[in-house]
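Structure record follows, encoded as structure tokens.
The values are calculated or read from the model by the stated rules, or taken from the named source; none is laboratory data. Please read all numbers here as calculations on a predicted model, not as lab measurements. Don't worry about glycine lacking a Cβ; one is built from the backbone with ideal geometry, like all the others, and counts go over all protein chains shown. Ligands, DNA and RNA are stripped out before the accessible areas are found, and what is left, the full protein with its side chains, is counted by its heavy atoms. Shrake-Rupley method; radii C 1.70, N 1.55, O 1.52, S 1.80 Å.
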Amino acid sequence: MSDKNKLQWLESLPGLSSLIVTEVLQMADELVFAQTGKHLDDIQKAVIQGVWQGNSYQEIAGEYNRSHSRVRDVGYRLWQILSEQLEEDVNKHNFRSTIERLYTVSPQIINVASNHNFNLCSQSIHQSKKENPLETEVNYQDLGTAPKISYFYGRTNELETLFNWTLTQNIRLAAVIGLSGIGKTTLIKRFIDLYSQSFEAIIWKSLKFPKPLISLLNDVLETFQIKNSNSNNFNQQLDKLIKFCQQKKCLIVFDDVQNLFFPGTFAGEYQNNYQDYKIFFQMITEIEHQSNLVLISQEQCQEMTSLDDELYPVQCLKLKGTDEVGMGILKANNRELTDRESWSKLINLYEVNPLYLQYMSSLIQDIFQGEVAEILNETDFYLTEDLKGILSLLFDRLADVEKKMVLELSKQDKCCSRNDLKELLSLSSSDIMSGLQSLDRRCLLTKNQGTKTLFGISKVFKEYLKITQQ
């Protein structure tokens, strides 16, 4: 590969803080095809993926039911091809570091909206990009409170959904909600890493300790370099921001939105000091503009359900765990965790929640020498103190009616109907309906559909209540 072609290839790589396996496979496939005229076969993909994730040839052979010698031979040939294409020595020991170094050789390589195939989403997105080029220049950006992503697994469908909402359908207000640790913030940051060049302005604001909205608007306007002559006039500041969102394609992210809401009440009820946020969110949906506001929250705010979605472009994504994400979290610790045949049980037991699995991985490494099967044999279920702390905060946010309902549901061996709950708790139909809806907005409720709907609660939360509240 000539220096010119090598630079062109590098420029086609996605602008990410950390490459992921899907994109590396696509990259390797193009290089192998350029050399051999053939795409990667299943065993070649297994070698690329395994080596990228730090696995030995022996581990790859065991996972994919191939002989060690076969995997070794396939790997040797792959490194030959990649070495010839990249014109430098590539082997199983330096493969990952080589690719990561090559893609950072020049700041000009970050060009995620170009018409290339190194994209983790589906072909429909690639086609959309080709028909409607989305490249632009990010002139205004503040990601100071956004996290840096070290690992990212799966979520292809969720990323495609966000792409469609923001860059195809122009959904002006979108929310990503889910339990703490499920990966909401990581998903949105990953989306920005992939598609930052599709926006002219990007800003990320954490509401972990919420400011009055007027102060936050002033910060946003300052980032967008908008003259701020009257920083205390809420209406004027809001008008300036809306006009900017009409002129530019902006992406504004508010994280930890649940902190705007009253604890101890039904989900999504704004505290008195933050009622103006509700007005702001409504205006974002009601006024015509080309920008997007994305809310990240553990609770669904009222604006996501009270507005007519046929008139106002509003969408809500309830994020759940996936086996791919769970397995990826455990593989990040694969040099210390053993008993891979037990991983699926551990993942399902803790509801494929990345944060829960990280806590359990640390415990297994510290106390059980990395042997997953040993902790599963010793106890049916265990909650670390860190995990108890998270679940305690969640319980404290519930309204009294919700607390009564989850405590009762934690005692039941099976799901309950609305009538069951009314009889068990002596609550009115109104209280039952309000409580169920609020628990659903917190992503705590499970529903079994049949001749009648039966309700339960998150199994990790259920175990927490059994241990601490009864």
Which residue is farthest from residue 182 (Cα to Cα), if the candidates are limited to the range 445-461 and must be modelled with pLDDT of 90 or more and open to solvent by less than 40 Å² (accessible area, probe 1.4 Å)? 455
Here are some conditions: (1) at pLDDT below 90; (2) surrounded by 15 or more Cβ atoms within 10 Å (Cβ to Cβ); (3) farther than 26 Å from residue 441 by Cα. Residue 321 meets all but one. Which one does it not meet? (3)
Are any residues in the range 332-347 open to solvent by 20 Å² or more (accessible area, probe 1.4 Å) and closer than 16 Å to residue 183 by Cβ, and if so, which ones? 332
Listed residues 305, 285; which is modelled with pLDDT under 85 and either open to solvent by less than 20 Å² (accessible area, probe 1.4 Å) or on the phi < 0 side of the Ramachandran plot (or both)? 305
Hey, among the residues in the range 194-207 that are open to solvent by 20 Å² or more (accessible area, probe 1.4 Å) and not hydroxyl-bearing (Ser, Thr, Tyr), which one's nearest to the chain's Cα centre (by Cα)? 205
Exactly one of 438, 434 is assigned to a helix (DSSP H, G or I), open to solvent by 10 Å² or more (accessible area, probe 1.4 Å) and of a type in the set (Ser, Thr, Tyr), and that one is 434
Enumeration of residues in the range 255-274 that are hydroxyl-bearing (Ser, Thr, Tyr) and closer than 14 Å to residue 441 by Cβ: 265, 270
Inside the range 176-193, the number of residues satisfying the requirement of being over 9 Å from the mean Cα position of the chain (by Cα), modelled with pLDDT of 90 or more and either open to solvent by 10 Å² or more (accessible area, probe 1.4 Å) or aliphatic (A, V, I, L, M) (or both) is 5
Out of the range 343-385, which residues are part of a helix (DSSP H, G or I) and among the charged types (D, E, K, R)? 345, 366, 374, 378, 385
Scan the range 48-63 for residues that are open to solvent by 80 Å² or more (accessible area, probe 1.4 Å) and out of contact with any Gly (no Cβ under 8 Å at 6 or more places or on another chain) and report the count. 1
Would you mention how many residues in the range 1-47 are among the aliphatic types (A, V, I, L, M) and either at pLDDT below 85 or exposed (fewer than 13 other Cβ atoms within 10 Å of the Cβ) (or both)? 11
So residue 153, is it within 15 Å of residue 294 (Cβ to Cβ) and aromatic (Phe, Trp, Tyr): no
Please indicate, with yes or no, whether at least one residue in the range 185-200 is of a type in the set (Lys, Arg), within 26 Å of residue 260 (Cα to Cα) and assigned to a helix (DSSP H, G or I). yes
Wholly enclosed helices (runs of 4 or more DSSP H) of the range 61-175 bearing at least 3 residues over 25 Å from residue 44 (Cβ atoms) and modelled with pLDDT of 85 or more: 156-163
Mind listing just one residue for me: the one in the range 221-235 that is touching a residue at least 60 places away in the same chain (Cβ under 8 Å) and of a type outside the set (Phe, Trp, Tyr) and, of those, nearest to residue 275 (Cα to Cα)? 223
Please work out which residue is surrounded by the most Cβ atoms within 10 Å (Cβ to Cβ), limiting yourself to the range 389-430 and to residues that are touching a residue at least 12 places away in the same chain (Cβ under 8 Å), among the polar types (S, T, N, Q) and assigned to a helix (DSSP H, G or I). 410
